[in-house]
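Any read-out appearing in this document is the output of simple, stated calculations on the displayed coordinates, not a laboratory observation. Just so it is clear, the model here is predicted, and its values are computed rather than measured. Methodologically, a virtual Cβ is constructed for each residue, glycine included, from the backbone with ideal geometry; neighbour enumeration extends over all protein chains shown.
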Amino acid sequence: MNWRKWLDEFVLAAKGILLATHEKRFWYGFIPAFLFFGLLMNLLSGGFSQFELMGAIGFPGSLKIIGSNFLGIFGVNRFFIDWLPIFGISLLQGILIGLIVLLWNKKRTDKNSSNSASVEKAGIITGLIALGAGCPTCGTTLLTPLLGAIFSTGGLAVTGAISTIVTWLAIVIAILSLKRLGVETYATIVNEKYLQKKEERAKST
């Protein structure tokens, strides 16, 4: 493996993500995705028990549970060691979806047909493949309660250990997916700026 090339790709991906944060459309995807997955992971962190409790106590009490778990996204009333992986994976998933939304919008608004096709093939499809490699948050939230159902009470330690491994594995997958999408975002934005400058020079001559 060429580690230098690998590192260069991560650097380009980081630059792509940084450039994406200057675009409003990135935030249109990032904010709702980050909040949704963060809330979902907090609600499912203990299995389906919170959903069962919400069904039993009614609407006002359910709002309190949702509000508490929403604040939990930002570490309120949460142990740091439990909060950190949930926050991290929600953040990464939000960035992934934010990049996909940004690339999709650039593809739709791009006047250059060849560049538009390039964005569609290398950007949107790559993004879907990245999520297909797993929607890390979805996989984690679904596996956590399932593991709790499979193992008996005596196996709670095993369940917790496996759940932790799955969560950190999901973070690794999300980072690798971000590398792919980040590089494509960098190439797309830089190419867009180049074409804009080229068009401006052509108009001025």
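Set the Förster radius R0 to 22 Å, insert the Cβ-Cβ distance between LEU63 and TYR28 as r into 1/(1 + (r/R0)^6), and round the FRET efficiency to 0.05.
0.25
Lysine pairs, Cα distance under 17 Å, 8 or more residues apart or cross-chain: how many in segment 1-109?
Close lysine pairs under the 17 Å cut-off: 4.
Mean separation of Cα pairs under 8 Å and 6+ residues apart, divided by the residue count of segment 35-107: what relative contact order is that in percent?
The normalised contact order for segment 35-107 reaches 37 percent.
How many angstrom separate the Cα center of segment 1-74 from the Cα center of segment 165-205?
Cα centres, segment 1-74 to segment 165-205: 21 Å.
Highest first, please rank the peptides 71-79, 168-176 by the mean number of other Cβ atoms sitting within 10 Å of their residues.
168-176, 71-79
Can you give the FRET efficiency to the nearest 0.05 for PHE80 and PHE51, using r as the Cβ-Cβ distance and R₀ = 35 Å?
0.90
Provide the gained length on full extension for the span THR21 to ARG201, in nm with one decimal, where the gain is 0.36 nm per separating residue minus the Cα-Cα distance.
Full-extension gain reported as 62.1 nm.
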